[in-house]
Structures are given as structure tokens and as C-alpha cells.
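Here's the structure, in C-alpha cells; my notes come after.
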Amino acid sequence: MAIPSIAVRGQRSLLRQIREALAGGGPAQTRLDMVVRVIAGSMVAEVCSLYMRRASGELELFATEGLDVNAVHVTRLKLGEGLVGEIMRQGRPLNLADAPNHPAFSYRPETGEDPYHAFLGVPLLRGGRAIGVLVVQNRTERIYTDDEVEDLQIIAMVLAEMVAGGELVAEEALKGVELAPHRPERLKGAKFSDGVAYGVAVLHEQPVTPSQLLADDVVAEEERLTKAIAGLQAQVDVMIEGQHGLVEASYEVLDTYRMFAHDRGWNRSLLDAVRNGLTAEAAVERVRSEHRARLGQARDPYLRERLHDLEDLNDRLLRHLSGAGHVARDLPENAILIARNLGPADLLEYDRTKLRGLLLEEGSAASHAAIVARALDIPSVGRLPGLRDRVSEGDPVIVDAESGEAYLRPRPDVVAAIRTRIEVRAQRQAAFARLRDTPAFTRDGAKITLLMNAGLDVDLDILRETGAEGIGLFRTEFQFMVAEELPRLDAQTALYSRVLDAADGMPVTFRTLDLGGDKVLPYLEAEREDNPALGWRAIRMGLDRPALLRLQLRALIAAAKGRPLRIMFPLVTSVDEFRAARALVETEVAWAERRGRSAPERLDVGAMIEAPSLVWHLDALLPMTDFVSVGTNDLMQYIFAADRGNPRVADRYDPLSPPALRALEAIQVACAETGTPVSVCGEMAGRPLEAFALVALGFERLSMPPAGVGPVKQMVLSCDREAARRGVSSLLKTSAGSVRNEIETLARKLYLAI
Ligand code: PEP
Ligand code: MG
């Protein structure tokens, strides 16, 4: 076949020729042979060979122009063996003037490659993984130009997608070729939201499909890319300038973003790829693949972090190209969503009825996505390194949030075991559901009021299902976190009305905005703080920005429309703060009355006890409050000086330890003495063993995530409070760092159902 000689930069026509060669039909091997011939011709190379990776890990010669054809499907190299094996291992090109002199060169007589000196090999990358290697060789000793390297990489990317898309190699020949990870894998991560699920992987960030690879109009495509890059750069600049405040990252990260976004090398690689005939999306994927392959292997945490920045930029650029945000997709039944990380609203865009689980490569249990997953009762595991490179769309996947693990492509026996566990959990759920209308009395007759934590509209649907007796903590900031802009008075009023309507007379405790710390709003300006958890957050922000707090109080009073209203303030640290906040409530009630609007039938104003300082000033605080609620998530982080969002320290200290339990006991005793209603609304209230300790300490109101209500009620019904009290009070005096084991033993001795 006559091969038209084309200029080095003529990739576009080369890609066309490859397409035409494929369209010609014929046996797969013939087509593949033609493709390597076309590439050799266009690259002015004497040899062009394609190696593919077998599942065994070996690289096999699949086609060649220039080497001995008898070596095809015969020559095999191990990972790291020979130059080709080395390219595969490193995932990056190798460009040599005199290949036989390279220490990694492995001589294979059957190929007849003796006379060739110049050697250029590039990996076939898919999603950052090398699935094969494409090589060109020349007799003369020379180094290939940067343009030639770039060209061969683009061809390799297109080949990789064509092979994977079944366009290039017969399916039979591909048997045993590792196009995508296929082995069962188990990844260890961290539990974000309890439960177990089995389903199929759905990638939140979708890869570009082979059909979108080649552009029809290069000039238009270049324009599209340039516009998207400019849009991205402007967006990043705005983020840095702080006009829209911080997004979620610190300044250093944003600064690196800016550096990368404006990086000429990155922009040039993208433009080159488009000029050579790729679509802008394919160009992004090509450059991304290369970065992943290069940086993904880096041990240096700094470099790995930079890879994350680049990933983020790539995702953003793809969004700019699509001209839209994330479009909700049709999900298969039993979808398990796979993502690097999610914003608070992302999860809500998917069809809840089909979403069975969530796996995240990053994130923390206190992240917004994890909080939303818990609110929706979607089992979730996070902090799974390398997750996205190891899983393909449609892979069977298990989320085991009981052990904090993910199983990718699990073996049938693992699936069977998981199905059994899902079944057992379902039976337990059914047992909890049967208890729904049973009031929670201990065996010795103490009434324990179980309430639910909420914060989103979706939570309201499950209020009745759980059997909770009301909402003990409504996190009003969630509405702000999922919104694109500051919710206005009418939007706030509408949400609070819906909540009160849904509660239908059951008590609802609204907590005023608890922003700051890890809850940052993209549209609200915030200064960078070295210690956000100790910084300008919650009531501190509310009192400094009284307009924002008053607007919210106005909305709450309007929504109550004469019904009873309960308001509480987060992170009160001194009695003066509570006094000032309470005065704002009274001002707003007076404002409403002056306008002839109805004041709440009954108004209860409370404080959250989250700062240790208040534990030592309860005698002053309690007489000013109508109730208090202990936010153990924050109280523990401040008692133990351990950032709750930092996985390195968050689980280091145990709330079931003498210092924590003594602080809780002090609060309970002070409240009992003054007759102040007190509840516990941190996550520990929803865990049966911890809830047992709280009941033993005398707490009678517990507010928890919806999934906790059933298990905690079952515990309460089996609990002898007096025996529990005696057992736990003796443990408070021990010198142990944690008394978890002892409390577990006590619970067993008392035949507790936990
Ligand atoms: C807490 O701190 O325990 C609490 C309930 O509030 P949040 O988790 O919203 O900070
Ligand atoms: Mg808190």
C-alpha cells in the first residue's frame, strides 16, 4: 500500500488515515498491521511496533512494521524488562539515540532489531494506567524532536482508546489483555457513613469516550479550548483575589492553582493536542493521563498534592468546555458513586432511590459530603488512595462502611458474604421499624426522649419513619452550604415553615448558623485563618455580623407563625455571648409584634455546650437559658485539643474516657440541680454503646442522625438505668485512658441489646 508521506505536524491527517485503514474492514490483525505501517510512514520511521499488556503483566508484541513479523505474538517482555518494559513501568516516553547501548536494552534475536539505533517509545495510557507501548525506530543515531515525541503520544492515546473501544483489535485477541483493571481488589479507607452496599460503579467524573476523540474542525476546536482556558484562568484569579471569598482550599493551594492554570507548558500541551486533531476534551484527557502516570508514582507527598491540584484544574476545565455544571445522569439501579471528593450539593443531584453507596478517594468524615451521606443514610467509605485509577464505570463494587473498606470487582464468595450481611442489616432495620411507635422506656421505667438531627429537606421525609419524637438539632447552615448564593429571607422562612409543618407539633430545635471552621461558603467572603476550628465561626460570626443573624431570627419567627419556637446558639463560649444573642432574639420578636405579626406561642432559647469554658460557668449560664444541648463533636475536639476534621488526630481520644465522661457528668448534674432541660446532640448520642454511657450518666434527651434512632431505642428498651449508673460511675474514678472495654463488658453483663 502506498503511504503518502506527511509532514511531522500532520497528525490530523494521520489520524484520519488510521480511521480509514480501520474502516477498510478485514481481519483485526490485518487492520492492526496497516495501522503500524501508516504510523511508521508518517513518522518517517523504519520500524513501528505495538506492544500490549497481558493480564499476566507481560508485554506482547501485537503488530510491527519493520521487525520480523514472525515475532508477532511471540516476543514477550516482563514489566520492567527491556526498554519497552521500562516504559511500561515508568509510564513515560523513552527517547534514545542509541538504544542497544542503554543498560535496560534486552536483545531479542527473533525480532531482527539489530540494525536500529534511534528508539522512541511511548506508553498507551488510559486513566493514568499504561496498557501497552508504541515504539518507532530508525537506523541512524538521532534523538527524536519534542514535536515527534508529542505526536507519538497523541497517536498512542488515540490507539489506547480505540483498542479499549474494540475498534482496533479483535475481541478474541484482546482476551487476557489488561485494558482496565480487572482483578479483585480490596482498598482500606475510613468509614464516613455506616452501612453496607453492593452495586455497580458510576464515575462522578466521567472519562472522555473514544467517539469524542477527533475534532471535525480544528480551528473551531482551538477557539473553544482557548475560550475555556481563559474562563478557567479568570475563575481561578477571582478565587485568589477573594472577591468571591475562599472556595474550600487554603490560599497556598489556590496560589498553586493559579500557577498551574497559567502554566504555559500545560496550556501549550493542550493546544498542541488540539492542533493535531484532538477534541478539546480529548486533549485534556491526554495531558491528564500523562500527569497521572508521572506524578501518580511520586512518593513525595508534595508532588502527589500537586497532582490533586492538576486533577482539579482538569475537572474544572472540562466543566468550562461543557459550558455547564454537572448534569444529573441516569443512574443504574444499585449505583455506587465513585469520586475524588464531592461538594455538599453534588450528592443531592443524583437520584436517591438508585444510589446505594459512595466511595471517595479523599475527604474526611467531617466533610460536607460525608455529613450529607449520613443524612441520606448512604453507606460511604472515603480516603481510598488510587481509587479512581483502579475502578472503571460499571465495575461491581462493594462499600463496606462497617469495616471502612471497598471491594472492587469482588470474588463471588465475597459477594455472597456481603449479600448475607445486607440481608441481616435489613432484618435489623425491620426490627427497628417495628419499634417505631414503642416509647423508649428503660427497664426500670425511665423515659428517654430520642430525637433526630436534621438539616436538609430530605431529612423531613424520614422523621416519621425513624420514630424520633422531634428534631433535637436542625443545622440551619446546610441550606446555606448547598445554595449558590446567600438564601434570602423568604427562602429561609419557607424552609423553616416546611420543617415545622413536617414536625406537625413535635418539637424542633433550630440552631442558628454555624458557619466558619470547616463550613465555608463560596459566596461569603472569609479571611484565611491559621486555626479555623478556633477561629471566627458560629455565634462569633453571628454577633459580629448581626444583620445576618437577625435576618435568620426574623425568618424563624415568621415561620413559627404563632407556633412554639425553639432556637439555640452554637459554640457559645462565654455567658456574655449568650446574653447578647438572646437580646437579638428579643429585639426581633418585638420587631415582629410592632408590625402586628404574631409572636411565637412559646419561645425557648438555648445554648449549645461545645466550649469547655462553659462547663466551668454553668452556674451563671443555666439560669439565663431555657435549655442547653451538648454538642459533643465540638466539645470533645476542644477538650482533647484534637481537630475533628483531621483524620490523624480525630480518633485519637475516646469520648468513653474518664475526662470526657466527667465533663458530661458535671453538665448533667448542674442541669438536674437547676431543672434545666438538657440534651446531647453530638454524633455519640447515636451510637448505642456511647448512648448507654450517656443514659447511665443521667441524660434523658438524645438527638442523633436518623439511622441511630432504631439501634439506640433497642438499647434503651433493654437497659436497667440504675445498674448502668452504678457501673459507669465506678469507672469514672479509674486511671485508665479509655474505659470503652470496661463499658462494653458492663453492657454485656447487663444483657444490653447493642
Ligand atoms: C457538635 O458539635 O456536637 C454538634 C452537634 O454540632 P456540629 O457537629 O454541627 O458542629
Ligand atoms: Mg458543633
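Helix-only arithmetic for the chain: the sum of -39500 (n - 2.57) across DSSP H runs with n ≥ 4, divided by the residue total, places the mean residue ellipticity at 222 nm at -13500 deg cm²/dmol. Residues of the stretch 656-680 falling in the label zone of THR734, defined by backbone nitrogen less than 15 Å from a point 7 Å along Cα to beta-carbon, are 656-662. Looking at the chain, the accessible area is 42 square angstrom per residue; that uses a 1.4 Å probe and ignores ligands, DNA and RNA. From most to least packed by mean Cβ count within 10 Å, the peptides 627-634, 427-434, 89-96 give 627-634, 89-96, 427-434. Of all aspartates and glutamates in the structure, those lying under 18 Å Cα to Cα from LYS78, and not within fewer than 8 positions of it along the same chain, are GLU58, GLU60, GLU86, GLU110, GLU178. For ALA63, nonlocal amide neighbours, meaning residues 5 or more places apart or on other chains whose placed amide H falls under 5 Å from its own, are LEU50. So what's the angle, to the nearest 10 degrees on a 0 to 90 scale, between helix 264-275 and the longest Cα principal axis of the chain? Value to nearest ten degrees: 60. Summarising the label geometry, the points placed 7 Å from Cα in the beta-carbon direction at GLN206 and ILE143 lie 4.3 nm from one another.
The packing ranking, built from the mean of other Cβ atoms within 10 Å per residue, places the peptides 471-478, 229-236 in the order 471-478, 229-236, highest first. For SER679, the residues 5 or more places off, or on other chains, whose built amide H falls under 5 Å of its own are VAL628, SER629, VAL630. For the chain, the longest principal axis of the alpha carbon atoms and the long axis of helix 658-674 meet at an angle near 40°. Could you calculate the FRET efficiency of VAL649 with ALA433 from 1/(1 + (r/R0)^6), where r is the beta carbon distance between them and R0 is 35 Å, rounded to 0.05? Plugging the Cβ-Cβ distance into 1/(1 + (r/R0)^6) gives 0.40.
Pairs of C-alpha atoms in the stretch 518-592 farther apart than 17 Å represent 50 percent of all such pairs. Rolling a 1.4 angstrom probe over the chain with all protein chains present gives an accessible area of which 51% lies on carbon and sulfur atoms. Normalising the Debye intensity of the stretch 608-747 to I(0), with uniform scatterers on Cα atoms only, and taking log10 at q = 0.10, 0.16, 0.18, 0.19 Å⁻¹ returns -0.31, -0.83, -1.06, -1.18. With 32 Å as the limit, the listed pairs LYS188/LYS519; LYS519/LYS749; LYS191/LYS749; LYS447/LYS749; LYS191/LYS354 have LYS519/LYS749 beyond it between alpha carbons. Projecting label points 7 angstrom from Cα along Cα→Cβ for SER574 and TYR751 puts them 5.4 nm apart.
Between VAL218 and ARG264, the FRET efficiency estimated from the beta carbon spacing at R0 = 22 angstrom works out to 0.60. In the chain, one over the average inverse separation of all distinct C-alpha pairs is 29.3 Å, which is the Kirkwood hydrodynamic radius.
With contacts taken as Cα pairs under 8 Å at a separation of at least 6 residues, the chain carries a relative contact order of 10 percent. Model label points for GLU742 and GLU393, set 7 angstrom from Cα along the Cα-to-Cβ axis, are 5.6 nm apart. Averaged over residues, the count of other Cβ atoms within 10 Å places the peptides 692-704, 442-454 in the sequence 692-704, 442-454, highest first.
What the Kirkwood sum gives for the stretch 5-174 is a hydrodynamic radius of 15.7 Å, with every pair of different alpha carbons counted. Any chance you could give the angle, 0 to 90 degrees and rounded to 10, that helix 11-23 forms with the longest Cα principal axis of the chain? Computed tilt is about 80 degrees. Rounded to the nearest 0.05, what FRET efficiency do GLU485 and SER322 give with R0 = 25 Å and r taken as the Cβ-Cβ distance? Could you check? Calculated transfer efficiency: 0.70. Kirkwood hydrodynamic radius of the stretch 697-753, from the reciprocal of the average inverse Cα-Cα distance over all distinct pairs: 12.5 Å.
The values are calculated or read from the model by the stated rules, or taken from the named source; none is laboratory data. Quick caveat: nothing in here was measured; it's all calculated off a predicted structure. Note: ideal-geometry Cβ built from the backbone for every residue, glycine included; neighbour counts use all protein chains shown. Keep in mind that these areas ignore ligands, DNA and RNA; they rest on the heavy atoms of the full protein, side chains included. Shrake-Rupley method; radii C 1.70, N 1.55, O 1.52, S 1.80 Å.
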